[in-house]
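Remarks on the structure that follows.
Derivation of every value follows stated rules applied to the coordinates shown; laboratory data play no part. Keep in mind the model is a prediction, meaning the values are calculated, not measured. All Cβ positions, even for glycine, are placed from backbone atoms using ideal geometry, and neighbour counts span all protein chains on display.
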Amino acid sequence: MKVVLVCALLSLLSLSHACPKECSCNSNTKVVDCRGRGLYDIPKRLHPETQELYLQDNRIRGLGSMAFREIPLVRILDLSNNSITTVSPTALLGLRALQRLSLAYNSLRELDKRLLGPIRTLSHLDLSHNSLWGLPGALGDSLRNLSHLGLSHNKLTRLDRSLLEVLTHLDSLTLRSNPWRCDCQLIGLKLWLETYIYKGGVLDEVMCTQPEEMKNTDLQKVPYQLFHVCMTTSYHYLFANIHHLENERLLRGHTHGNHAHPSSHAIHVPMAMGEGFGGGGGGGGGGLPECEPKQRHRPVNLRHAIATVIITGVVCGIVCLMMLAAAVYGCAYAAIMAKYQRELKKNEELATAQKADHATADEKEPLENAIA
């Protein structure tokens, strides 16, 4: 009797986790293939040991909260070429082993910063061919292990540099076919891309659509002279440039440590605020400086660099005020001395005139006495 009950329980358990009728399953590879089945929702009764789930080419319109709670071990999740417009911030909750996620060819307008929060293993993220206007900066905290990021064919006009800076393992990045606005706010992206390419990263293109004079020009080839106005209108460039130079010093120090020739990679680096936009083009223009520093490179602390710049500005301001005060004092002193000299000369002339009058009066007195 007990044996029958155990068998019944096992059969019920196996039935509860049977392969969904809309899909084909491989128990050996733990792959569930539901491609092109006209699905409007995520299939039910997925086996909890599923590691790969393919749902592309269906009609799924949204992902609800904990939509994949039945398959916590899934490593590859492909949802491309559906009609997804909304994704719950907790849709991927529980997928702590997820490595590859594709949401390409959908209708996404935005992503919640909490979507990828619990996932730390993601290495491949494809968001291309959507309608994304931007990405939340906090999203980068979940993408630290990312090696590929696809953002092509969206509606991005700019991309937050702080999001990209945390992607230290990124090898491949696609940004083509976005309406990039190449203004002062994109200078940070240009500087980051130069460092990224210098380190061997793969990039397709960042083609400008605005302003008109840069239309159909790759951001990497836009000369720094066209961003010259940014130096005097925004401090963002200053801080971005300091951080960029810090990264370059670290990179060059690492390169010399491995005995690599500095001319093997071409990159243009603006060396200072006064000459940062004096040279040529984008990511491939100009070589590294020929003069090598004699001392060993030491990492530069960004906060210390910014503090140094601020202190230098304050000192220069004080010096300028002192020079202005000295100039005002000098002018006032010169005016007072000139006035004093004029009055002194006038007094001397008056004294001379009085002496002459007295002399004339003395000469007339003897003459009048003689006549009398």
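Net charge of the neighbourhood of S83, taken over other residues with C-beta under 10 Å away and scored Lys/Arg +1, Asp/Glu -1, is +2.
Using the Cβ atoms and a cut-off under 13 Å, what net charge is assigned to the surroundings of T168, where Lys and Arg are +1 and Asp and Glu are -1? Once positives and negatives cancel, what remains is -1. For the pair V202 and N216 in one chain, pulling the backbone fully straight at 0.36 nm per residue adds 3.0 nm over the alpha carbon distance.
Please check which bits of the range 114-153 a label hung off R181 would reach, taking the label as a point 7 Å along Cα-to-C-beta and the cut-off as backbone N under 15 Å. Only 133-135 fall inside the zone, counting backbone N under 15 Å.
Annotation: extensible slack from R35 through Y340 equals 99.8 nm (criterion: 0.36 nm per residue apart, minus Cα-Cα distance).
With a simple spin-label model that places each label point 7 Å from the Cα along the Cα-to-Cβ direction, the separation between K113 and E22 comes to 3.4 nm. Between A351 and V328, the modelled label-to-label distance comes to 3.7 nm, taking each label 7 Å out from Cα in the direction of the beta carbon.
What the Cα atoms of the range 66-185 give is an Rg and a Dmax of 13.7, 47 Å. Label sites at V166 and V319, each approximated as a point 7 angstrom past Cα along Cα to Cβ, lie 4.1 nm apart.
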